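Undergrad: One structure, as structure tokens, below. Some questions next.
The values are calculated or read from the model by the stated rules, or taken from the named source; none is laboratory data. All of these numbers come straight from a predicted model, not from anything done at the bench. No Cβ is skipped: glycine too gets one built from the backbone with ideal geometry, and neighbour counts run over all protein chains shown. Accessible surface is based on the protein model in full, side chains and every heavy atom, while ligands, DNA and RNA are left aside. Shrake-Rupley method; radii C 1.70, N 1.55, O 1.52, S 1.80 Å.
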Amino acid sequence: LYDENNELIGDKFTDNTLTVARKQVRKLGSLATGFSDRYYVKVDGTGDGSSWDKAASYSSLATKLTNTNSTLKVYMAAGEYKTGSVTSTGTANTSANIAIYGGYAADASGYAISGRDYESNVVVLDGESKDRILVIQRGAWVLDGLTFKNAKRASNDIGSALMIEGNASSSFAVKNCTFDSNQNTGTSGGGAVRVSNAKVLMENCKFTN
């Protein structure tokens, strides 16, 4: 909620700067702000992911995903994310319900998630030719509006940019994503995507190089 000056009312409650007339507000107990099932990520993020102003880094996102077995919606701001050797992010999330959405402006602020445009606000996950980019296992997953680039798997192991491992109850959807210049130089295959024991919906995705 915002006031007439476009300032967050929740912040004013927190720092006791909300001006009200006598009897205009009744005490109802503690006021929770933010959304527990949302996680905001920016290239230069250093926060806890609770809002755009406190956006987390990609490495923090990887840790968050590994330990999440509940509902989580991840919103990523435009930019190039160097994934390096952060390769296993969805390990054994048996009951996870996770959606990752790219396409938000690099200067997004507050809690807003409107105005997503994955074509203008490009989110690039750059593996820097070091290793895989993303491994997701079990649970329900949606990846939407992301570019996977420069993943390289050199050992005799499957998968490169994206590796998906499931079971009978898993659900995977990959939408509006681009896979560019990914490779597996080992003997087990999966130059861009490897799917194992899972059904995956891939919709409006592009594969190049």
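So that you can scan it fast, the table gives a plain yes or no per residue for (1) over 15 Å from the mean Cα position of the chain (by Cα); (2) at positive phi; (3) at pLDDT 95 or above:
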site: I136; (1), (2), (3): no, no, no
site: A140; (1), (2), (3): no, no, no
site: F148; (1), (2), (3): no, no, yes
site: N182; (1), (2), (3): yes, no, no
site: N197; (1), (2), (3): yes, yes, no
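Undergrad: Additional query: Could you tell me whether segment 165-173 includes any residue that is among the hydroxyl-bearing types (S, T, Y), open to solvent by 30 Å² or more (accessible area, probe 1.4 Å), modelled with pLDDT of 85 or more and in contact with a helix residue (DSSP H, G or I) (Cβ under 7 Å, 6 or more places away or on another chain)?
TA: No - not one qualifying residue is present in segment 165-173.
Undergrad: Hey, V123 hits all of (1) more than 14 Å from the chain's Cα centre (by Cα); (2) surrounded by 15 or more Cβ atoms within 10 Å (Cβ to Cβ) but one; which does it fall short on?
TA: Of everything listed in (1) more than 14 Å from the chain's Cα centre (by Cα); (2) surrounded by 15 or more Cβ atoms within 10 Å (Cβ to Cβ), V123 misses just condition (1).
Undergrad: S155 - would you say it is in contact with a Lys or Arg (Cβ under 9 Å, 6 or more places away or on another chain), of a type in the set (S, T, N, Q) and at pLDDT below 95?
TA: Details: in contact with a Lys or Arg (Cβ under 9 Å, 6 or more places away or on another chain): no; of a type in the set (S, T, N, Q): yes; at pLDDT below 95: yes.
No: the conditions fail for S155.
Undergrad: Which one is surrounded by the fewest Cβ atoms within 10 Å (Cβ to Cβ) among residues in segment 67-90 that are at pLDDT 80 or above and part of a loop (DSSP other than H, G, I, E, B)?
TA: Going through segment 67-90, the residues at pLDDT 80 or above turn out to be 68-83.
Filter once more, so that each one left must be part of a loop (DSSP other than H, G, I, E, B): 68-70, 78, 83.
Values: T68: 19, N69: 14, S70: 12, A78: 20, T83: 26.
Restricting to residues being at pLDDT 80 or above and part of a loop (DSSP other than H, G, I, E, B), the top hit is S70.
Undergrad: In segment 1-59, which residues are at pLDDT 85 or above and exposed (fewer than 10 other Cβ atoms within 10 Å of the Cβ)?
TA: D44 - this is the single residue of segment 1-59 that is at pLDDT 85 or above and exposed (fewer than 10 other Cβ atoms within 10 Å of the Cβ).
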